[in-house]
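The values are calculated or read from the model by the stated rules, or taken from the named source; none is laboratory data. Nothing here was measured: the structure is a model prediction, and the numbers come from that model. Here the Cβ positions follow ideal geometry from the backbone for every residue, glycine too, while neighbour counts run over all protein chains shown. With ligands, DNA and RNA removed, areas are computed over all heavy atoms of the protein, side chains included. Shrake-Rupley method; radii C 1.70, N 1.55, O 1.52, S 1.80 Å.
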Amino acid sequence: MEYIRNKGRKLGGYVKDYVVFDLETTGFRFESDEIIEISAVKVQDSRIVDTYSTLVKPSIRIPASATKVNHITNDMVSGAPGIAEALEGFVDFVETGILVGHNIHNFDMNFVYDAAMQVFQTGIYNDYIDTLHLAKQCLPQLKHHRLSDVAEYFDISTEGAHRALNDCIINQKCYERLGELLKEQPQVKTEQSCPQCGGVLVKRKGRYGEFWGCSSFPRCRYTRNA
């Protein structure tokens, strides 16, 4: 049976108040890998007003392949809090704020949702904005839309990248610049919004062909013909 995450709504566009977050993990497999760092920056009126960051001690060893990317070692997390304490601090920090992150729709939101379900038996239901999708809309001329590619386009330093807090700060700057593009270039097409819940509509293929469905499924089951 397919596992369905009942996440918050995936939104598009720009908001002035939000929380950028990022995770570092032992790998990419939701069913077996674990979070080893959680960071977030709280933004009000487009300015960072607070930060949250902690390493997390996993129940498995960090493989060399992960350490090569994020430079987090097993020794570094040996005295770190476990996922329950780290996640509780994260939830208290973000409260009900809109979450922003790069590729969070397919990665970070899934990892943090699964961890919350395991620890608290309830998910994380904050609405969220994925800057990867926003960058693809605003910067179609880029060959790739990794956070480093978007930062380079805006001449934003990526020093310290692949550590969660640094990536949050880099992405906050990128999101603000993407927001400026949306304001300055009204011809940039934003993602279509669901008329029922405000989530983003995504094109899917069904038995009878393509259709538009809400990304907040199964919480919202709105569909219309493509």
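Structure values in brief
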item	result
Ratio Rg/Rh, restricted to region 27-157 and using Cα atoms, in which Rh is the Kirkwood radius	0.97
The chain, relative contact order [Cα under 8 Å, separation at least 6], %	25
Cα-only radius of gyration and Dmax that characterise region 1-103, units Å	15.0, 43
Percentage of interatomic Cα-Cα distances in the chain larger than 27 Å	35
Quarter of the Cα convex hull surface for region 90-134, i.e. its orientation-mean projected area (nm²)	2.9
Surrounding net charge for SER157, when Lys and Arg each add one and Asp and Glu each subtract one, Cβ distance under 15 Å	-3
Orientation-averaged projected area, Cα convex hull of region 1-54 (nm²)	5.3
Debye, to nearest 20: dipole size of the chain, +1 on Lys, Arg Cβ, -1 on Asp, Glu Cβ	1120
Lone cysteines, the chain (no partner Cβ under 4.7 Å)	CYS138, CYS168, CYS174
Size of electric dipole in region 29-84: Cβ of Lys, Arg +1 and of Asp, Glu -1, about Cα centre, debye, nearest 20	100
Protection proxy ranking, peptides 162-168, 35-41, average beta carbon neighbours within 10 Å, highest first	35-41, 162-168
Peptides ranked, highest mean first, by Cβ atoms within 10 Å: ranges 46-57, 98-109	98-109, 46-57
Percent carbon-and-sulfur accessible area, the chain, ignoring ligands, DNA and RNA, probe 1.4 Å	48
Formal net charge of residues neighbouring GLN44 (Cβ-Cβ distance under 14 Å; K, R +1; D, E -1)	-2
Selection from PRO140, ALA226, THR67, by position along the positive dipole direction of the chain (Cβ)	ALA226
Lys/Arg +1, Asp/Glu -1 at C-beta; region 51-167 dipole; positive extreme among ILE124, GLY89, HIS105	HIS105
Nearby lysines by direct alpha-carbon distance to LYS57 (threshold 19 angstrom, same-chain neighbours under 8 apart not counted)	LYS68
Formal net charge of residues neighbouring ASP22 (Cβ-Cβ distance under 11 Å; K, R +1; D, E -1)	-3
Solvent-accessible area per residue for region 18-118 (1.4 angstrom probe, square angstrom)	46
Phi to ³J(HN,Hα) by Karplus 6.51 cos²θ - 1.76 cosθ + 1.60 over region 55-66, Hz, x for Gly, Pro	6, 10, 7, x, 8, 10, 6, 7, x, 4, 5, 6
